[in-house]
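Everything on this sheet refers to the single structure shown next.
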Amino acid sequence: MARVALFSFKPILDPAGNLAGPAIRPFEMARALAARGHEVRLLEPESASAAAPELSAGAGVDLGRWHPGRSLSPFVRDADLAILPQELVGRFTDLGPVPRVIDLFDPHFVSCLFNQAPHFDAEQAFYYAGKIHDLARALREGDLFLCAGGRQRLFYLGMLQLLGRINPETIREIDRLIRIVPLAAPEGEPAAGPPLIRGVHCSDDAPIVLWSSGIYPYLDAEIVLDAFLRLRAELPAAQLLFVGADNPTAPEMREGYRALRSRVENESIQGIHFHPWQPYEERGRIYHEVDVAVALSPPHLETELCFRHRIVDLLWGGVPVVVAGGNDLGEWTAREGAARILGEFDAGALARLLSEILSDRDKRDAMSRSARAMAEGPLSWERIVGPVDEFCRDPRPAPDLAARHLGVSLRSVLRIPLTDYRGLLNRARISYHVRGGLAGMLLRRGRG
């Protein structure tokens, strides 16, 4: 079994002591790999809450902390491999020869363009350029890349091709270079608890629609509010519950929440409820009281590439979902009968679809069963972690990076200006000779 150093870019717990959203994937992956017998050390930033070790001990993994201003090499010195999010790419230089798995499941460099667009100035342009630089560096140096679905795989394969990672040494083993490892659902079933609004702020039989997300620029909560106003004309008892609309961990993105809440108050819209994020272990109570959830974003690049954790969690909760089409998870959930795709992106179409689902209890029950079946089957960590477990059992450098792991530097050899056609040919010949010839010879000798 392998000794795995698994890095989280964010603290495991947020300031309130709850499992933080960006840390859910590394936290759950650490537990899944530990369950398969690997020695996992989950590493979070040193600024993390003091309560985190207790949570980690319960996860069955060892917890460590890396410091933003210090080397990461001590954490990988005795490891067989390192698993890192792309955000930590700036610290790759001191990892040494350890094979590295780069998790690219969240193409946040796309969503950040939407977040920054209203105020995209020179400072934001510099910030975005840094993200692209770090991404390119990660793609050059990773031995295995993880993505969330087929669309992301093609997206990253195009980048890898441009950076020369699709080459004679990797072309026949692309699955050794990039694997699909989506977000997975947690084990077990959501625990019930005191309701947030059912029987408290509305009747016990009121239809409840859920939005469980922040109000971010790449999403569309306004269409949900517009559709709800139309839905209330048909189902006057209907309620709309926003959970986590005001994200305390992202104060720079609260503008959408403030605008939405102001509209609700200014127009005196009834049946709207705002609640903060619930503790991770208690969030199941929400799913027990709602009838349907909405997770929508307009048709754009971020929507095509996304694989939303909130939708996976809703499936775990057995909640029927209305989703956007044009992305892997939305189409998958619709095929399995757990979700309905909003084909026409307007408030009237959404209101009609919500009314159809809310008016048919048998349909909702069938969607709920399909959602739970996905969470317990193809979206379970037991299934999802398979490709990572496979690499952990045989952690090897990517074929075209073998020279790096043997301590052979090609940088000085390849510093040839691309000034003309002849220079390009010479560089290609030298690169192929050094990588295929010298590195190949050393590998063959090393293997005996």
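The values are calculated or read from the model by the stated rules, or taken from the named source; none is laboratory data. On a predicted model such as this, the values are computed, not experimentally measured, just so you know. Note that each Cβ is placed from the backbone with ideal geometry, even for glycine, and that neighbours are counted across all protein chains shown.
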(request) From (1) closer than 30 Å to residue 20 by Cα; (2) in contact with a helix residue (DSSP H, G or I) (Cβ under 8 Å, 6 or more places away or on another chain), pick out the condition that doesn't hold for residue 248. (result) (2)
(message) Step by step: first the residues of the stretch 181-202, then only those that are out of contact with any helix residue (DSSP H, G or I) (no Cβ under 8 Å at 6 or more places or on another chain) and of a type in the set (Gly, Ala, Ser), then the one that is surrounded by the fewest Cβ atoms within 10 Å (Cβ to Cβ). Which residue is that?
(response) 188
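Against the definition (modelled with pLDDT of 50 or more, over 26 Å from residue 181 (Cβ atoms), outside the structural domain of residue 27 (by TED's automatic domain parsing) and exposed (fewer than 15 other Cβ atoms within 10 Å of the Cβ)), how does residue 361 come out, yes or no? Before the answer, list the steps.
Working: modelled with pLDDT of 50 or more: yes; over 26 Å from residue 181 (Cβ atoms): yes; outside the structural domain of residue 27 (by TED's automatic domain parsing): yes; exposed (fewer than 15 other Cβ atoms within 10 Å of the Cβ): yes.
So residue 361 fits the description; yes.
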(request) Report yes if residue 258 is surrounded by 15 or more Cβ atoms within 10 Å (Cβ to Cβ) and basic (Lys, Arg), otherwise no. (result) no
(request) Having 1 or more residues that are modelled with pLDDT of 90 or more, closer than 22 Å to residue 149 by Cα and not polar (S, T, N, Q) is the bar; report the helices (runs of 4 or more DSSP H) wholly within the stretch 1-111 that clear it. (result) 24-35
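Yes or no: residue 154 outside any helix (DSSP H, G or I), within 30 Å of residue 294 (Cβ to Cβ) and not small (Gly, Ala, Ser)?
no
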(request) Give just the number: which of (1) under 16 Å from residue 14 (Cβ atoms); (2) of a type in the set (A, V, I, L, M); (3) surrounded by 14 or more Cβ atoms within 10 Å (Cβ to Cβ) does residue 250 not satisfy? (result) (3)
(request) Kindly list, by first and then second residue, each pair from a residue in the stretch 131-142 that is part of a helix (DSSP H, G or I) to a residue that is among the basic types (Lys, Arg) and surrounded by fewer than 17 Cβ atoms within 10 Å (Cβ to Cβ), limited to pairs with Cβ atoms under 7 Å and residues at least 6 apart or on different chains. (result) none
(request) Starting from residues that are under 24 Å from the mean Cα position of the chain (by Cα) and outside any helix (DSSP H, G or I), keep the ones in the stretch 158-176 and report whichever is farthest from residue 399 (Cα to Cα). (result) 163
(request) From 215, 180, grab the single residue that is assigned by TED's automatic domain parsing to the domain that holds residue 317, touching a residue at least 24 places away in the same chain (Cβ under 8 Å) and not hydroxyl-bearing (Ser, Thr, Tyr). (result) 215
(request) For the stretch 139-180, enumerate the residues that are of a type in the set (Gly, Ala, Ser) and surrounded by fewer than 16 Cβ atoms within 10 Å (Cβ to Cβ). (result) 150, 158, 164
(request) Pull up the stretch 244-295, narrow it to residues that are assigned to a loop (DSSP other than H, G, I, E, B), hydrophobic (A, V, I, L, M, F, W, C) and in contact (Cβ under 8 Å) with a residue 60 or more places away in the chain, then point me to the one that is nearest to residue 316 (Cα to Cα). (result) 290
